[in-house]
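Worksheet for the structure shown next.
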Amino acid sequence: MTSIINPNIDRSQLQNKLKELAPWGQSIHVMADIHTPGPLDTEHRWRLLDSMPVNFKGKSVLDAGCNAGYFAFKAEEMGANRVFGIDCNHYINQANFIKNFKKIKNVDFAVCSVFDPPKKEFQISLIMGLLYHLKHPFLAIEKLAKITTEMIVIETEALVSPDDTHKMQFVEHTFRNDDSSWWVPGEECIKGFLRTCGFPHVKSYYFPQVPENPFGFHYSTGKTVEGFPASQRIMIIARKHINSETESFFDELPNVSPSSSFPTTSYEKSQNSQLKDQTSHDSNFYWEEVNEYKRIKQNLEQKNTELIDYIEVLEKERDSWKSAHEELVKTIEKPHINKPFS
Ligand SMILES: C[S@@+](CC[C@H](N)C(=O)[O-])C[C@H]1O[C@@H](n2cnc3c(N)ncnc32)[C@H](O)[C@@H]1O
């Protein structure tokens, strides 16, 4: 990670600055126990994204609708070599403040709309929590697809029930008491659209329920407060091509629509028949699997560190044997001055 915390700012100065830049959408760690005070459940969604086959290492990344830059900074932390975030003036000011405060390199921000995106190419485009806020969601995907060379990641509310998955719900500004939404797209609509934009390898993941999600209450009732069909949080990964790194992933986990079954990660496949009415159970199960994967990863990292330490010990031992050996050789070769003539 290339961030260095700025030591020359005192806490109250920082807190005043954060107040000045309010309101915040995202909660981002700035320093010690100070976070920007945003309600969006960024960490939860990052955990999901981090468990997906999305490799940021060495990539150029666009974070469309980046808000204060949480996902842009994460992509950089994960090794992206160039990240660009776009949003409106208010949020770009916040993102730039954090970037400058933490001296984060390789991440840049610009005031720019997804409908008139930068004239640059990116290997990965992130469209997180944005689609349903747009008046023309598919026009935005089309524009971003044109400047994306490898992969698009969409995280969104979506209609997933078999009756609704091919539809778009026009919500006329209010959805879950949130007045910043226009449409809730069906999962199959989004996937089909991505295919027609040149991203034929498409796979979606359902979000485990987040009980603490302020907008999550309708997941259990089946309807929003406005009476619209309840949506589900999903993440869709779409690739232009599949390569050796990703091939097995797409082979193992074929794209199955919710009309024939529920989501198809490996655990879901094995649990398919039990899944339909057990979303919260699925969530736990999902997180168990993610946590298990993380435990294994941590174990391996721990073992790796132990091995590196052990190699160091062996190298030291080898060096001390080497110098002992050299000493011995010198002693043997030294003329024995006191040796009596025979
Ligand atoms: C719900 S927030 C999601 C922020 C962030 N991507 C996340 O997932 O936490 C939606 C963001 O999209 C931005 N946005 C809305 N319309 C946009 C547009 N036409 N072009 C770029 N950004 C837009 C908003 O300003 C806001 O920051």
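Below is a table of values for the structure above.
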{"quantity": "Computed lengthening from I9 to S113, 0.36 nm per intervening residue step minus Cα-Cα distance", "calculated": "34.2 nm"}
{"quantity": "Long-range lysine pairs (8 or more apart or interchain), the stretch 27-105, Cα under 18 Å", "calculated": "8"}
{"quantity": "Environment charge at D178 (Cβ cut-off 11 Å; Lys +1, Arg +1, Asp -1, Glu -1)", "calculated": "-2"}
{"quantity": "D63 long-range amide H proximity, modeled H, under 5 Å", "calculated": "F84, G85, I86, L126"}
{"quantity": "Table column - 3J(HN,Hα) (Hz), the stretch 197-204, Karplus curve with 6.51, -1.76, 1.60, x for Gly and Pro", "calculated": "8, x, 10, x, 9, 10, 9, 10"}
{"quantity": "Centre separation in Å (Cα based) which lies between the stretch 63-114 and the stretch 155-192", "calculated": "27 Å"}
{"quantity": "Rounded to whole Hz, the Karplus (6.51, -1.76, 1.60) HN-Hα couplings of the stretch 110-123, x for glycine and proline", "calculated": "8, 6, 6, 9, 5, 7, 9, x, x, 8, 9, 9, 10, 6"}
{"quantity": "Whole-Hz couplings from phi, Karplus 6.51/-1.76/1.60, listed for the stretch 73-89; x for Gly and Pro", "calculated": "5, 5, 4, 5, 4, 7, x, 4, 9, 8, 10, 10, x, 10, 5, 7, 3"}
{"quantity": "Cα centroid separation, the stretch 15-42 to the stretch 300-330 (Å)", "calculated": "48 Å"}
{"quantity": "Proximal lysines relative to K223, as straight alpha-carbon distance under 25 Å, when same-chain residues fewer than 8 apart are discounted", "calculated": "K135, K167, K191, K276"}
{"quantity": "Rounded, prolate or oblate (a/c below 1.5 giving rounded, otherwise prolate when a/b exceeds b/c) for the stretch 42-150 by Cα gyration tensor", "calculated": "rounded"}
{"quantity": "Cut-off 12 Å between beta-carbons: net charge of the residues surrounding G129, Lys and Arg +1, Asp and Glu -1", "calculated": "-4"}
{"quantity": "Neighbourhood net charge (13 Å Cβ-Cβ; Lys/Arg +1, Asp/Glu -1) for H166", "calculated": "-2"}
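Here, each number is a calculation from the coordinates, and none is a lab measurement. These numbers were taken from a predicted model, which means no experiment stands behind them. With ideal geometry, Cβ positions are generated from the backbone for all residues, glycine too; neighbour counts draw on all protein chains shown.
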